[in-house]
Amino acid sequence: MQEKTGAPAVGAAASATGAAGSGESVLETPARPGWRRWAGGGWGRAAAAVVGGLALFLAFPPIDAWYLAPLGIALTIVSVSGAAPRRALWVGYLGGAAFLVPTMAWVRPIGDDAWAGLVAIESVFYALLGLGTALVLRLRLWPLWAACLWVAMELARSSFPFGGFPWGRVAFSQGESPFTPYAALAGAPFVTFAVALCGGVLAWTALHAASRTPRGPRFRRGLAFGLAAAVAVPALAYAVPRPGDEGRTVRVGIVQGNVPGRGMTPFGDEPAVVLRNHTTKVHEMAQAVREGRLPRPDLVALPENSTDIDPYRNEFARGTIDAAVKDIGVPVLVGAVVAIGEKQRATRSLVWDPVTGPGAYYDKQQLVPFGEFTPFQDLVLALFERARLVGRQSVAGTRPGDLRMGPVTIGAVNCYEVAFDGTVRETVRAGGTPLVVQTNNATYALSNLPPQQLAMSKLRAVEHNRAIVTAATTGISAYVRPDGHVAWSTGELIADMTVVTVPVRTEQTIATRVGAVPEWALVIMGAAALGAAAWLARGERARRGAGEAVTEGVREGEDS
């Protein structure tokens, strides 16, 4: 069964141009009857969507085949080319699910039902993207508008529901790639835009190659133009200005204490084991400094949840931490979950001074839904026993994580927050340098979550011209240079510690200064293109209806 295709006006123009032997312009949708015949029954579209989704997954850590991201996007665009709206929706959903099922496999320790539910919800965004892409393919310059829609889709995913879920953004597959420098120009959204634009140009080139255009000189020039443009998009990233070194450094101690448990019970059942493991490594660091095996740090970073006991309310925990901090003799950033009143809690980055004890702190702002707070609490608790493991409901912080520690003001970012553009950007703007990401990935150890999260730090380092130190309970702890290169990292599920010398950068990138303006500009451009495409489709339907009415009238006249 042959599928009806949209864009008669644009498609006809392209076909007419091809018939004249002049070839299509990159501004138009190429005529592609061969692709339409193959895809008409749906199997070709489904195959392209699934392969595209899997290619996009392979671009992400731990596989890190970043070059497959444009190809994956190209295939998802081709899969909806010429598709009717309903078909574009389900093909987009299928491609999104093919990408998200393996990418979000780290959710499985919580439960396969949680994994399936997350994929089912998040794939809706890709279904809407498929519909929007099918519409804007009617327009000139459609690779540009399709790329804008990718940015809009990822903004929506990062905002809704329950505060958003930005994991799996295309930009986070580009921690170290030719596209990475774009982060310093306009942030993570622009990296997504550049990759999607490259994919769109590849899709146009593929559709041009499958078109009915005579294989003359202009056809060959069209192919050459498409391939050259696909190469030019990442190549131009090297022209983005990047701040240089400022000649100042700070020594940061990093501690990874490890935990005995796994999955939903990562801390095991031994009391105070997490606290003991991390303070023991601090004592070991102090001993190594005294013996000359490590340089003396200016400050030390412990992971999120490095104490499993509230040090404000428990004298044992307070004394244990204080003894370790006094031994190393420098400020230590402690990760603690602390009680707020009798029913709430906060995930806190707490500066512990060797003389004055606990002082300034930062409370995590971006909380994990169903992990740190429970949406629709009464209903969810009644339906799912696991939801009770959240315990006290977390309270979000309200200010950036700029904390004075020794000779610098560090920027505290807590685990899940590294995925959120605004949280990291405001911490840098508040004066945080270097950035310290405290994280607890113990539930997801040996899954694809820790390398995915490290890739986010690599991109953030370039985006904001800041060194990033990551301290994790079970791994991956790391030091990322401002150029995005990982200079030191741990394995997983081991206890480890070191002292690294990191640059202190204060100059802001263009991305840090302009903030979310480029992202919103791309979203508005995509929305405008989508509106124009919808208006064009409506006009086509009206003309088609009028033509059918005229034809019917002529037939009635002939019959009479």
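Observations, loosely collected:
- Of all residues in the range 498-513, those that are under 11 Å from residue 482 (Cβ atoms) and part of a strand (DSSP E or B) have Cβ atoms under 7 Å from Cβ atoms of residues that are small (Gly, Ala, Ser) and open to solvent by less than 20 Å² (accessible area, probe 1.4 Å), 6 or more apart or on another chain, in 502/467; 503/467.
- The one condition in (1) surrounded by 16 or more Cβ atoms within 10 Å (Cβ to Cβ); (2) at negative phi; (3) modelled with pLDDT of 90 or more; (4) not in a helix (DSSP H, G or I) that residue 225 fails to fulfil: (4)
- Figure legend. Inter-residue proximity from the range 60-73: first residues more than 14 Å from residue 178 (Cβ to Cβ) and open to solvent by less than 10 Å² (accessible area, probe 1.4 Å), second residues part of a loop (DSSP other than H, G, I, E, B) and of a type in the set (A, V, I, L, M), beta-carbon distance below 9 Å, spacing 6+ or different chains. Indicated pairs: 72/59.
- Long-range neighbours under 9 Å by Cβ, at least six apart or interchain, first residue over 18 Å from residue 481 (Cα atoms) and assigned to a loop (DSSP other than H, G, I, E, B) within the range 429-445, second modelled with pLDDT of 95 or more and basic (Lys, Arg): 430/399
- Residue ID - most open to solvent (accessible area, probe 1.4 Å), chosen from residues in the range 295-327 that are over 36 Å from the mean Cα position of the chain (by Cα) and acidic (Asp, Glu): 315
- Only one of the numbered conditions (1) assigned to a helix (DSSP H, G or I); (2) in contact with a Gly (Cβ under 9 Å, 6 or more places away or on another chain) is not met by residue 539, and that is (2).
- Residue list for the range 327-349, filter: out of contact with any helix residue (DSSP H, G or I) (no Cβ under 9 Å at 6 or more places or on another chain) and not β-branched (Val, Ile, Thr): 333, 339, 341, 342, 343, 344, 345, 346, 348, 349
Matching residues to (1) open to solvent by 50 Å² or more (accessible area, probe 1.4 Å); (2) at pLDDT below 95:
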{"site": "342", "(1), (2)": "yes, yes"}
{"site": "355", "(1), (2)": "yes, no"}
{"site": "370", "(1), (2)": "yes, yes"}
{"site": "381", "(1), (2)": "no, yes"}
{"site": "384", "(1), (2)": "yes, yes"}
{"site": "400", "(1), (2)": "no, no"}
{"site": "409", "(1), (2)": "no, no"}
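- Pairs meeting the criteria (first residue in the range 332-356 and under 20 Å from residue 471 (Cβ atoms) and of a type in the set (Gly, Ala, Ser), second residue open to solvent by 40 Å² or more (accessible area, probe 1.4 Å) and modelled with pLDDT of 95 or more, beta carbons under 9 Å, at least 6 apart or on different chains) are 336/312; 336/361; 346/361; 349/361.
The values are calculated or read from the model by the stated rules, or taken from the named source; none is laboratory data. What you see is a predicted model; the values in this text were computed from it and never measured. Cβ coordinates were reconstructed from backbone atoms using ideal geometry, including for glycine residues, and neighbour counts include every protein chain displayed. The area values use the complete protein model at the heavy-atom level, side chains included, leaving out ligands, DNA and RNA. Shrake-Rupley method; radii C 1.70, N 1.55, O 1.52, S 1.80 Å.
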